[in-house]
Amino acid sequence: MEVKKSKKAAIESRRGTWLLMGFVATLALMFVTFEWTQRDVKVASGLLAGNDPIFEESLIPITFREEKLPPPPLPEAKVPEALIIVENDAKVTEALIGSTEEDGKAYEIGWRPAAIEKEIVVEDEIFVFAENMPVFPGGDTALMQYLGKNIKYPIVPQETGIQGRVIVQFVVDKDGTITHPVILKSVDPYLDKEALRVINAMPKWTPGKQRNQPVRVKYTLPVVFRLQ
């Protein structure tokens, strides 16, 4: 004879499983109950009604406090420097050094004005080259004209056909007078004598100058004798 199990016996066998599922459902219900607040209800109801969200975010601009820079300092007034002029005869204090490393002796250091050498023009000095050379009255053109008009060709050299250049050197004095004429290059005694005569008969020249002072200057002049 077959033994049949009742439905009650089958339910009793699953009792532990159903009990566990009941505990889980209870815990879930309690969790939802404690977490669900009135605020969630309002939010949920608002969303369901199609209203705008309750929370509106507004961006507040960030402002910074403006820092005021201090005014620039006023420029300092410049005090003009005083110019002190020291006279040549002013006394200058001398400095004294205690000693040196070599011999331990003391030395005095003083200021001494630099000596300025002045050129002294000797009274009787004859210059070969001066700052301003002597000049014949009227210049070189007038000098050539003077020689051409005043030279007289001697007869003897003229008859013998002697001609040439006689070089004469003389000194133009401080007052322009011609002094100390000498022959540097001779051609003929008669021609040399005539050249000296014409040089001695010259008018006064403009004297030469050295440092704006009239001086004696040595001058060289060629006298040309030529037959036509």
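The figures follow:
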item: Sites residue 135 and residue 69, calculated FRET efficiency, Cβ-Cβ separation with R0 45 Å, nearest 0.05; result: 0.05
item: Cα-centred dipole magnitude for segment 126-225, charges only on beta-carbon of K, R (+1) and D, E (-1), debye, nearest 20; result: 260
item: Inter-label distance, nm, simple model (7 Å from Cα along the C-beta direction), residue 185/residue 162; result: 1.7
item: Length released on extending from residue 177 to residue 152, taking residue separation times 0.36 nm less the Cα-Cα span; result: 6.7 nm
item: Descending semi-axes in Å of segment 121-215, equivalent ellipsoid built from Cα gyration tensor; result: 29, 14, 10
item: Label-to-label distance, nm, for residues given as residue 124 and residue 28 (7 Å Cα→Cβ offset); result: 15.2
item: Fewest-first ranking of 124, 175, using other Cβ atoms within 10 Å as the exposure measure; result: 124, 175
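Every number in this text was worked out from the coordinates using simple rules, so none of it is lab data. A quick note: this is a predicted structure, and the numbers were derived from the prediction, not measured. Every residue, glycine as well, gets a Cβ built from its backbone with ideal geometry; the counts of neighbours run over all protein chains shown.
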